[in-house]
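The values are calculated or read from the model by the stated rules, or taken from the named source; none is laboratory data. Note that this is a predicted model, so its numbers are computed, not measured. With ideal geometry, Cβ positions are generated from the backbone for all residues, glycine too; neighbour counts draw on all protein chains shown. Note: areas computed on protein heavy atoms with side chains; ligands, DNA, RNA excluded. Shrake-Rupley method; radii C 1.70, N 1.55, O 1.52, S 1.80 Å.
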Amino acid sequence: MKLRFSFHTEQAVPIYARLCNQILQHPLVKTIGRTEQGYAIEAEGDEAELSALAELIGKTFPLSCWLTHSETEAIEQFDGEAQPLAESRLEMTYCRHCRDLPSHSCRHCDSVSDGHWLAEHATLERWVQRHLDALLLDGRTEFDCRHGHRELLLLEYVTPADEALLFCQPQALADALHIGRIGQLALSGLEKPQLRLVPRYEFVVAHNLPRALYQVQLADERLTLALCDALAARGICAVAIRSRFVPLQLSHCDQTPIALSQPGVQSLITHPPRQQRSCYRGIEARWDGEKIAFSPTTQADTALPLAAAAALEGVRRQDRVPKRSAVLYLSKRHDSGLLYRSDSGQYRWLVRLPEIKRSVRQCLNDIEARNESSARLMQRCRSAFGDSLARAERSELIVGGSVSDAMAMAAWLLELEIPTSDDDQAMAAEALIASALQHDSPVAPRIDAELAGGDGALELQWLRAFQSCLSYRLAGTESASALAYGFIDSFCDFVATWVEQLDADYGLDEVILAGDEFENPVLLDRLFSRLDRNVKIRLPSPLDLAGATLAMGGLFVDPADLAEIKGQAAAAAEPA
């Protein structure tokens, strides 16, 4: 009887290669392989022998956040080879063999000793007790570890500036958060990623949490793990964590894991770039003469003449022959839209988001001035919920044309968030995302924006969508979560329609998705699902959606190529 044990992974998992090599020594294992889908082990024996082997493999291979599924199937012949796979050094902080032994280095996962962080305390037990006492008495504690300096706070001391929660009790995730099985498995993966999640109402009330969304993680190194175990024994399920270290931030399209914050590789062989070094969002890309190497950095971001062009090149240049591509680049702070590179090498916007900035008061005035119908709508809104609109108008907050700023405006208009300070845009956008994540139906109201033409690219206009928000609020027929979901879903459907049309007009090989707006899990999932039906969509894997992709792309963008687009509000491209 022949069986193949397969591990389907979205990215390489180095420890899987090492474990495949080790299990190749098993007498029943005949071949191993690294396939496009992941890793495979092929074996031959009787039913009892293979059942025992399956149990051994299940216990040996740790869960990875890149693992999409595993399977066992009967085969007629072997496809792998009886040769070891190429191995690389593992980037793990602990495994099941060393999780409780921080003073030891581990030959199984290559983690080095954390003993020097314990030097003044002599033992792990004393170190844990000191920080446990500080947390219980003062509500906070600080320490240094392999991920740098970090601070933990009890939840009653959390401020609006705190964005990350560290869960000490993994079993408490489902009760505290809106999280499914896929999310729970991802957080438990050996990479210890962060997921952006919505706390449940009861958890928010119990701990008076000020934010609607949090980056959530489990302990990502052995000292933090030991302290979390001690906190869990005291009944503390989670604390806030402050740290300059940014772990792998993950999202999902259906069940496919997508990296948001850091590359899944240490280097890429590619074309020789025009620059030698580029940094973006804590990732440095450096050309070493043969390949581009990626590493964490604390240096300032490299000035990118056009971030969307860097995103486009960061993906195109991974191919031996770069494809005819456009990038749908959505950023919170850079020019956004659909950017195309012509055969002559010039970058041109096909559709872009507006650069205009205005106050809430100006936005409401512009809605009122659109036509007679909108003027009557504003009069009725001021009669029905004038106090709410007046508070928003008094805030003097300025919003731009980005997706995040538009979501913030929609949140204020729907009163999902009340503006009170200059920092409220991000909080308001999060409130809309959190509300959308709680919508449990695929059906939602349409809240469409519109396109304005011109001499150059088409430009998205948000006013119609804001007016629709006010109309639905006035009617009172839809829930807040339905309107929040409808705002994002309608934008995705709207974007997908014109991307599909432009794809047909320009003969694109692929459309790339990139930019930090895709940290919004609703936006990423809905846009990917909608576009993937009719357009060849490409994600930046094995890089991420913003940091490493833009750092790499910055090596290839020459300001001379931007001459036609620089300083223009829009630019047109010649159809293929």
What nm distance separates the two modelled labels at Arg140 and Glu71, each placed 7 Å from Cα along Cα→Cβ? 5.1
Any GluC sites (Glu not before Pro) in segment 31-124 that lie in a DSSP loop and have at most 15 other Cβ atoms within 10 Å would be Glu36, Glu76, Glu87, Glu91
In degrees, nearest ten, helix 47-60 long axis to first principal axis of the chain (Cα): 60
What figure in square angstrom, to the nearest 10, would you give for the accessible area of Lys357 with a 1.4 Å probe? 140
Helix 463-475: inclination vs the chain longest Cα principal axis, degrees, rounded to 10, gives 90
Residue-averaged 222 nm ellipticity for the chain, from DSSP H runs of 4+ at -39500 (n - 2.57), nearest 500: -10500 deg cm²/dmol
With the full set of protein chains in place, find how many percent of the accessible area of segment 340-438 is carbon and sulfur; take the probe as 1.4 Å. 41
Quick check: the distance between the Cα centres of segment 452-531 and segment 1-58, to the nearest angstrom? 44
In sequence order, calculated HN-Hα J values of segment 120-137 (Karplus, 6.51, -1.76, 1.60; Hz; x Gly/Pro): 6, 9, 6, 10, 4, 4, 5, 4, 4, 5, 4, 6, 5, 4, 4, 5, 6, 8
Take the alpha carbon gyration tensor of segment 402-473, find the square roots of its eigenvalues, order them as a ≥ b ≥ c, and report rounded if a/c is under 1.5; if not, report prolate when a/b exceeds b/c, else oblate. oblate
Within segment 423-448, backbone nitrogen closer than 16 Å to the virtual label 7 Å beyond the Cα of Trp498 toward Cβ: 447-448
Against the longest alpha carbon principal axis of the chain, how many degrees, from 0 to 90 and to the nearest 10, is the axis of helix 480-506 turned? 90
Could you name the lysines in cross-link range of Lys30, using Cα to Cα under 24 Å and dropping any fewer than eight places away on the same chain? Lys2, Lys59
Which of the aspartates and glutamates could be linked to Lys192 by a straight reach, that is with a Cα gap under 14 Å, when you skip same-chain ones fewer than 8 residues away? Glu91, Asp220, Glu221
Once the dipole of segment 461-525 is set up from charges on Cβ (+1 Lys and Arg, -1 Asp and Glu), the residue from the list Leu470, Val522, Leu502 lying farthest towards its positive end is Leu470
So for the chain, averaging the separation of alpha carbon pairs under 8 Å that are six or more residues apart and normalising by length, what relative contact order in percent results? 14
Taking the Cβ of Arg526 as the center, what net charge do the other residues with Cβ under 9 Å away carry, scoring Lys and Arg +1 and Asp and Glu -1? -2
Cα-projected label distance for Ser471 with Ser113, points at 7 Å along beta-carbon direction, nm: 7.0
Counting only other residues whose beta carbon sits under 12 Å from that of Gln217, what net charge do I get with K and R as +1, D and E as -1? -1
Charge tally for neighbours of Thr68 with beta carbon under 11 Å away, counting Lys, Arg as +1 and Asp, Glu as -1, is -3
What figure in square angstrom, to the nearest 10, would you give for the accessible area of Cys492 with a 1.4 Å probe? 0
Using Cα pairs closer than 8 Å and at least 6 residues apart in sequence, work out the relative contact order for segment 29-157, in percent. 15
Return the carbon/sulfur percentage of the accessible area of segment 1-148, one whole number, probe 1.4 Å, all protein chains in place. 48
Rolling a 1.4 angstrom probe over the protein chains, ignoring ligands and nucleic acids, what is the accessible area of Met427 in square angstrom, nearest 10? 30
Which of (i) 27.7; (ii) 31.7; (iii) 26.0 is the computed Kirkwood radius over Cα pairs in Å for the structure on display? (iii)
How about segment 366-408: which GluC sites (Glu not before Pro) there lie in a loop by DSSP and see at most 12 other Cβ atoms within 10 Å? Glu396
Cβ charges +1 (Lys, Arg) and -1 (Asp, Glu), total dipole of the chain, debye: 640
Compare the peptides 345-356, 306-317 by average per-residue count of other Cβ atoms within 10 angstrom and give them in order, highest first. 306-317, 345-356
Solvent-accessible area per residue for the chain at a 1.4 Å probe radius, Å²? 44
Give the lysines whose C-alpha is closer than 18 Å to that of Lys357, dropping any in the same chain fewer than 8 places away, or say none. Lys332
Share of accessible surface on carbon and sulfur in segment 227-289, whole %, 1.4 Å probe and ligands ignored, is 46
At R0 = 22 Å, how high is the FRET efficiency between Ala369 and Tyr201 if r is their beta carbon distance? Nearest 0.05 is fine. 0.05
Put Val216, Val158, Val321, Val112 in order of accessible area, largest first, 1.4 Å probe: what do you get? Val321, Val112, Val158, Val216
Does segment 1-119 come out rounded, prolate or oblate, given a ≥ b ≥ c as the square roots of the eigenvalues of its C-alpha gyration tensor, rounded meaning a/c under 1.5 and, failing that, prolate meaning a/b above b/c? prolate
What ranking, highest mean first, results for peptides 186-198, 331-343, 293-305 when packing means the other Cβ atoms within 10 Å averaged over each residue? 186-198, 331-343, 293-305
Taking a crude spin-label model, label points 7 Å out from Cα along the C-beta direction, the Arg89 to Ile356 distance in nm is 5.4
